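Taking it in order: structure first as structure tokens, then the write-up.
Each value in this text was obtained by applying a stated rule to the coordinates, not by laboratory testing. Source: prediction; values computed, not measured. Don't worry about glycine lacking a Cβ; one is built from the backbone with ideal geometry, like all the others, and counts go over all protein chains shown.
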Amino acid sequence: MSLSSKNLTINGTEISFYDLGQGGDKTIVFLHSFNHSKLMWIYQFPDFVKAGYRVIAPDFRGHGDSLYTPGKISMEIFAKDIVELLQELNVKKAVIVGSSMGGFVAFNIWRIANDMISGLILAGTKAHPDGENEKSRRTNQIKILKEKGIREFVNSFAPKRLSKYTVEHKPWVVDLVRVMSMSMEKEAIIETLQALMNKSDDTKILKDINVPTLIVCGKEDTFTPCNYSQYMHENIEKSKLIILENAAHMCVMDQPESFNEISLHFLRESNL
């Protein structure tokens, strides 16, 4: 399986993505989290391709190998990029998998093109807008970036997204998170943090979601604690909630085997 990326001009910018497998009408789209890239899904690609899916994993603009477009970063623009990319790739319907910020984008895709979504897998994410605590944390991160630079920001922030077990026993995963985080321009990180602070209130659309939805949360997640996942589960009718042990915010990287097994079982069970 080749992991060479492709590039297309989408919505006025160049978007980099993987397009793997021969799934035909079974397509799954992986949307990465803030300050990461499509590389965060490397532990998912082999299992989902082997299960018969066409796997598409883009870099959001300003992340990974997609171009940074100053003044044009928001959850709504990210969503429009993904919809236009899927249209360009002739994808009529897909399961959308979103980790953290990727989940925010998934909700915005639902707003503008819910007919393209056959199912959702939401990992370490939330429907609520930022509260004062989250805004204060992001404001402090912007201050660190401006005063001390990317390296200090990444070193102080990256390990906190992973479980204690991963940090202690899987240093290569911590390094992968660092590599992804360091690949972004400082200005792109700052603008994305500002966009996150302006995230829409997606609680308003939860009861409209009528496709099978799997919600996964790491028990140690301090960025989006599991009460957010519980809220989504209670308000999305066709949803299932799984809480992973020894997993934190980046639960898909902390426990990739469990995440893959649970997700593939959900997809089979839902005929997706």
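Sort by residue number and report every cysteine in the chain with no other cysteine beta carbon within a distance under 4.7 Å.
Taking the Cβ cut-off of 4.7 Å, the unpaired cysteines of the chain are Cys251.
What percent do you get for the relative contact order of the stretch 12-112 when only Cα pairs under 8 Å and 6+ apart count?
Computed value for the stretch 12-112: 36 percent relative contact order.
With Rg and the Kirkwood Rh both taken from Cα atoms, where does Rg over Rh land for the stretch 80-128?
Radius of gyration relative to Kirkwood radius: 0.95.
Starting from the Cα coordinates of the stretch 58-204, work out the convex hull volume and express it per residue in Å³.
So the per-residue Cα hull volume is 123 Å³.
What percent does the relative contact order of the chain come to when contacts are Cα pairs within less than 8 Å and at least six residues apart?
Taking the mean separation of contacting Cα pairs over the length of the chain, I get 20 percent.
Restricting to DSSP H runs of at least four residues, report the calculated mean residue ellipticity at 222 nm for the chain, -39500 (n - 2.57) per run over all residues, nearest 500 deg cm²/dmol.
Calculated mean residue ellipticity at 222 nm is -12500 deg cm²/dmol.
For the stretch 11-125, state the semi-axes of the equivalent ellipsoid (square roots of 5 times the eigenvalues of the alpha-carbon gyration tensor), sorted largest first and rounded to whole angstrom.
Three semi-axes, in Å: 20, 15, 14.
Using alpha-carbon pairs under 8 Å, 6+ residues apart, how would you state the relative contact order of the stretch 178-272 in percent?
Computed over the stretch 178-272, the figure is 25 percent.
Which percent, nearest 5, of DSSP beta bridges in the chain are antiparallel?
Of those bridges, close to 30 percent are antiparallel.
One-quarter of the Cα convex hull surface for the chain, in nm²?
12.6 nm²
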